[in-house]
Amino acid sequence: MLEKARQLFMNSFGCAEGVRYFFAPGRVNLLGEHTDYNGGRVMPCALDLGIYGAFAPRTDGTIGLASADFESGKAFRFRTAELPEDLGGTWTAYALGSWLSLRDRLQDEPEGQTETAENGRRVEAALSALNGGFDMAIASDLPSGAGLSSSAALEVLTVTALCGLFGIELSKKDIALTSQRAENVYAKVPCGIMDQFASANGIRDHALYLDTSSLEFEAIPLELGDAEIVLTDSRVKHSLGSSEYPKRHRECEESAVLIKREMERLGEEPVPSLCSLSSADFDRFSCCIKDPGTRRRARHAVRDNERCGLGAEALKRGDLKTFGELISASHVSLRDDFEVSCPELDLLAETAWSVPGVYGSRITGGGFGGCTVSIVKEENVDEFIKSVGEAYKAKIGYAADFYVVEVGDGPRVLE
Ligand code: GLA
C-alpha cells in the first residue's frame with residue numbers, strides 16, 4: 001500500500017522534495033453503538049487495516065489530492081484561498097475538511113497558549129506554512145463505506161501528516177477532536193467522537209474502553225484466547241450523511257430533553273446525558289417520551305451503554321461467553337429498538353449465531369450496511385466463513401467479504 005501511495009504521488013505530483021509517509025487505521029467497535037453522541041461508553045479497537053499516504057508541503061497556496069481507490073487515481077488541485085463553501089460528499093471533502101479544521105484550530109488557539117510571544121510566533125509560523133498547501137496521495141487496504149471508519153482514518157491521517165509536515169504539536173486527543181470537527185463542520189455529518197478517537201489512540205491488541213463524556217479511556221488487553229475477530233462486509237454501502245443517522249441523533253437529543261424535564265418536574269437532579277441513566281431509571285422516566293419509536297431509540301442507547309460496561313468487565317475477567325452474549329444482544333437492540341440494521345446485516349448476524357464456536361456477532365458502526373463483527377473460535381473460522389458465506393450468497397445473490405483482523409496501533413510516520 002505504501003508503495004502504491006508512493007507511485008501515485010510520483011505520477012500525480014512529480015518527484016517532490018521532502019515527501020513523507022504516514023498511516024492511520026480504521027476501527028472496529030466491539031460494544032456500545034450510537035452511545036457516543038449520548039455521553040455514553042464505547043469499546044472500539046484500531047485495526048491493522050487503514051490508509052497510507054505520501055505527503056509533501058507546498059508553498060504556492062494549493063492542495064493536490066489523489067487517491068488510488070477513487071476515480072482511477074485522478075489528481076485534483078484546489079487553491080487554499082478559494083475552497084468552495086460546500087466541499088461536497090466525496091473523499092476530497094474529508095481531506096480538505098481536515099486541513100480547514102486544523103487551520104481553524106490554530107486560528108482559535110486558546111488564549112493561554114498564545115500568551116507568550118514565542119508561542120504566538122510558533123502559531124503564526126505554523127499557520128503560514130499550512131496556508132502554503134500540500135500534496136497528498138493515498139492508498140487504502142480498508143474497505144470504504146463498510147462501517148470501518150474509512151472517513152475517520154482519512155481525517156486522522158491528514159491531520160497527523162499535516163502536523164508532522166509543519167511541526168504542529170497536537171495530543172492524540174486533539175488530533176481526534178480536530179478530525180471529528182472536520183467531519184461535523186465540513187463533511188456535515190453529525191458523528192460522535194468514537195471513530196476518530198479510536199483511529200488516533202489505537203493500541204495494538206487492546207480495546208479502548210472510552211467514556212465519551214470525559215474522553216477518559218482505559219486500554220483493555222484483548223485476550224481472546226483461542227478466538228479471532230472476524231469482520232463480514234455485507235457490501236451494502238452505508239453512508240452516514242444519509243438522513244437516517246442525523247435523524248437518530250435528533251431523536252436521542254429530543255429524548256434527553258424530555259427526560260431531563262421530567263426529572264426536574266419530579267424534583268430529581270436531571271442527568272447530564274441520556275447515557276448517564278441506568279436502565280432502571282430510564283424505565284422510571286421514559287413514559288414522558290410519547291412517541292414509541294423515539295422511546296425505543298433512547299432505550300437502545302441506555303441499554304447499549306450498560307452492555308458496554310458489562311462487556312468491559314467480562315473482557316477483563318476473560319469471560320468470552322458473557323462478552324459474546326452482550327455483543328449479540330446489542331445486535332438485537334440495534335435491529336429492533338434503534339432500527340439501523342438491514343436484511344443483509346440481520347442475515348449475517350443471525351446466521352453467525354447458529355455456527356459452532358461463535359461467541360457473538362453484531363453490526364459494527366453506524367449500521368444501514370457495512371460490516372458485522374463476530375468473535376469466533378479459531379478452529380471454527382473456516383466453517384464460519386463457509387456457512388455464513390454460503391447462506392449470504394444464496395439469499396442475497398452476491399458474496400460477502402470476510403476479514404480475520406488484527407488489532408493495531410494508532411497513526412504513525414512511516415520512514
Ligand atoms: C458512526 C459514527 C460514530 C458512532 C457510530 C455508531 O460510526 O461515526 O460516531 O456514532 O456510527 O456507534
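The values are calculated or read from the model by the stated rules, or taken from the named source; none is laboratory data. This is a predicted model, so every value here is computed, not measured. Neighbour counts run over all protein chains shown; Cβ positions are idealised from the backbone, glycine included.
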* **Any hit, the stretch 20-38, residues being surrounded by fewer than 18 Cβ atoms within 10 Å (Cβ to Cβ) and away from the ligand (no atom under 16 Å from the Cβ)** => yes
* Lone qualifier among Gly318, Gly311, Gly369, Gly324 - being within 22 Å of the chain's Cα centre (by Cα) and not in a helix (DSSP H, G or I) -> Gly369
* Scan the stretch 168-220 residue by residue and report those that are in a strand (DSSP E or B) and of a type in the set (Gly, Ala, Ser). => Ala207, Ala219
* Asked: Which of the residues spanning the stretch 31-73 are over 26 Å from Asp195 (Cβ atoms) and in a loop (DSSP other than H, G, I, E, B)?
  -> Arg58, Thr59, Asp60, Gly61
* To do: Can you work out which of the residues in the stretch 169-192 that are of a type in the set (A, V, I, L, M, F, W, C) and within 10 Å of the ligand (Cβ to nearest atom) is farthest from the chain's Cα centre (by Cα)?
  => Val189
* Asked: Within the stretch 359-366, is even one residue within 24 Å of Asp319 (Cβ to Cβ), in contact with an Asp or Glu (Cβ under 6 Å, 6 or more places away or on another chain), hydrophobic (A, V, I, L, M, F, W, C) and modelled with pLDDT of 95 or more?
  -> no
* Asked: Just to be sure, is Ser333 within 16 Å of the ligand (Cβ to nearest atom), more than 30 Å from Gly164 (Cβ to Cβ) and either aliphatic (A, V, I, L, M) or within 21 Å of the chain's Cα centre (by Cα) (or both)?
  -> yes
* Structure fact -> Picking from Ser333, Ser361, Ser354, the residue that is touching a strand residue (DSSP E or B) at 6+ places or on another chain (Cβ under 7 Å) and of a type outside the set (A, V, I, L, M) would be Ser361
* **Tabulated pairs, the stretch 140-166, first over 19 Å from Cys45 (Cβ atoms), second away from the ligand (no atom under 16 Å from the Cβ) and of a type in the set (Gly, Ala, Ser), C-beta under 7 angstrom, 6+ apart or interchain** => Thr158/Ala95; Ala161/Gly53; Phe166/Ala126; Phe166/Ala129
* Quick check, is Gly389 on the phi > 0 side of the Ramachandran plot, at pLDDT 95 or above, surrounded by 15 or more Cβ atoms within 10 Å (Cβ to Cβ) and away from the ligand (no atom under 16 Å from the Cβ)? -> no
* Structure fact -> Selection over the stretch 2-30 where residues are over 21 Å from the mean Cα position of the chain (by Cα) and assigned to a loop (DSSP other than H, G, I, E, B) yields a count of 6
